[in-house]
Amino acid sequence: MNIHFRDVQTGSVEARAVLEIADGVFLNEITILNIEGEIVVEFPKKSFVGKNHRMYYIDIITFEDNDKRLVWELEIKNAYKEWRKKNKKVLVYKQNKIDGGSK
């Protein structure tokens, strides 16, 4: 499985991943989150409004059992950690004269 990452750095989102799950078949929008210092993998979901005006979410990718999901999550986390070692985060804060900028 080939995994490609790109930096996002918006809020708790660390990066987005694209997985090549078969030759020429890609799964987009896998989100790598940093929640309280822990790396979390979030698979894409489809959202829609039902007839009762409630919001519903459906997983785009479904696993046969939770063990297979955990294996994928661990593979993605390990690949992300290796990618992050090679691609360090560069945070740039521009100081704003009005509020002093981010610190």
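The values are calculated or read from the model by the stated rules, or taken from the named source; none is laboratory data. Everything quoted here is computed from the prediction, not taken from an experiment. Virtual Cβ from ideal backbone geometry, glycine too; neighbours counted across all protein chains shown. With ligands, DNA and RNA removed, areas are computed over all heavy atoms of the protein, side chains included. Shrake-Rupley method; radii C 1.70, N 1.55, O 1.52, S 1.80 Å.
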>> Just checking my list (1) 2, 11, 13, 12, 10, 7, 6, 7, 9, 8, 7, 5, 2, 1, 0; (2) 2, 10, 16, 20, 16, 12, 9, 7, 5, 2, 0; (3) 2, 13, 23, 23, 20, 12, 5, 2, 0 against P(r) over Cα pairs in 5 Å bins from 0, in percent computed from this structure; which label fits?
In response: (2)
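Normalised by the residues of the chain, what does the relative contact order come to in percent, with Cα pairs under 8 Å and at least six apart? Kindly include the intermediate steps, with their values, before the conclusion.
Details: 123 pairs, mean separation 15.3, N = 103.
Relative contact order of the chain: 15 percent.
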>> How big is the dipole moment of the chain about its Cα centre under a simple scheme where the beta carbon of each Lys and Arg is +1, that of each Asp and Glu is -1, and everything else is neutral? Debye, nearest 20, please.
In response: 660
> Length gain on complete extension for the stretch residue 35 to residue 10, per 0.36 nm per residue less the alpha carbon to alpha carbon distance?
Replying inline: 7.8 nm
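Counting only helical runs of four or more DSSP H residues, what would the 222 nm mean residue ellipticity of the chain come to if each run contributes -39,500 (n - 2.57) and the total is spread over all its residues? Present the calculation step by step, with values, prior to reporting the outcome.
Working: 1 runs with 21 residues, N = 103.
After summing the helix terms and dividing by residue count, I get -7000 deg cm²/dmol.
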>> Quick check: pseudo-label points 7 Å beyond the Cα along Cα→Cβ at residue 57 and residue 45, how many nm apart are they?
In response: 0.2
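In whole percent, and with a 1.4 Å probe on the protein chains, what portion of the accessible area of the chain is carbon and sulfur? Spell out each step's value before the answer.
On the way: 4090 of 8030 Å².
Whole-percent figure for carbon plus sulfur exposure: 51.
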> How many Å² of accessible area per residue for the chain, probe 1.4 Å?
Replying inline: 78
>> Between 0 and 90 degrees, rounded to the nearest ten: what's the tilt of helix 66-86 against the longest Cα principal axis of the chain?
In response: 30
